[in-house]
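The values are calculated or read from the model by the stated rules, or taken from the named source; none is laboratory data. Note that the structure is predicted; figures quoted are calculated from it, not measured. Heads up, the Cβs are rebuilt from the backbone with ideal geometry, glycines too, and the neighbour counts pull from every protein chain shown. Accessible surface areas use protein heavy atoms only, side chains included; no ligands, DNA or RNA. Shrake-Rupley method; radii C 1.70, N 1.55, O 1.52, S 1.80 Å.
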Amino acid sequence: MAGEPQADCLFCKIVSGDVPATVVRETATTVAFQDINPQAPSHVLVIPRAHYPDAASLAEAEPETAADVLREAGAVAAQEKVAGNGYRMVFNTGAGAGQTVFHAHAHVLGGRGLNWPPG
């Protein structure tokens with residue numbers, strides 16, 4: 001069921017503490033942790049504690065939590081000291097867009113030039 005932890009979801013396991021992660025921030029509704037395959041000097045994932053397969057389904061079901069993810073992404077950028085020079089916030093939605101873990105999450109990337117269009 002949407003919103004409920006999924007036994008086969010890596011990010012749900014990080015939220016529950018069953019899988020370790022380098023957590024950089026936590027709130028009542030979100031967890032932010034270092035990406036294990038960073039694509040920039042600063043690469044942090046911000047996820048909702050509730051399980052939704054992608055950002056669109058999260059926004060539809062829990063718009064307040066979707067806003068929390070966005071707010072925390074900004075706080076992560078400030079904490080990582082990349083906000084001043086610019087950072088990228090990315091939500092991959094679907095396998096064709098590169099989503100590999102089907103739990104809504106924002107990538108916060110910074111600390112190097114980020115060209116446009118992205119690769």
> So, with +1 on the Cβ of K and R and -1 on the Cβ of D and E, and no other charges, what is the size of the charge dipole of segment 6-106 about its Cα centre, to the nearest 20 debye?
Replying inline: 300
>> Rounded, prolate or oblate, given the Cα gyration tensor of segment 2-71, with a/c below 1.5 counting as rounded?
In response: oblate
>> If I build a Gaussian network model for the chain, linking alpha-carbon pairs within less than 10 angstrom, which residue out of ALA50, ALA75, ALA104 has the largest mean-square fluctuation?
In response: ALA75
> What residue among SER42, ASN85, THR65 has its Cα farthest toward the positive end of the dipole of the chain, where the charges are +1 on Lys, Arg and -1 on Asp, Glu, each on the Cβ?
Replying inline: ASN85
> Can you give me the relative contact order of segment 43-92 as a percent, contacts being Cα pairs under 8 Å and 6 or more apart?
Replying inline: 34
> What does the convex hull of the Cα atoms come to per residue for the chain, in Å³?
Replying inline: 104
> With every protein chain present, what is the per residue accessible area of segment 45-119 (1.4 Å probe, Å²)?
Replying inline: 52
> Based on the alpha carbon coordinates of segment 54-102, what radius of gyration and maximum Cα-Cα distance (Dmax) apply, in Å?
Replying inline: 12.5, 33
> Helix 63-79 versus the longest principal axis of the chain: what angle, 0 to 90°, nearest 10, using Cα atoms?
Replying inline: 40
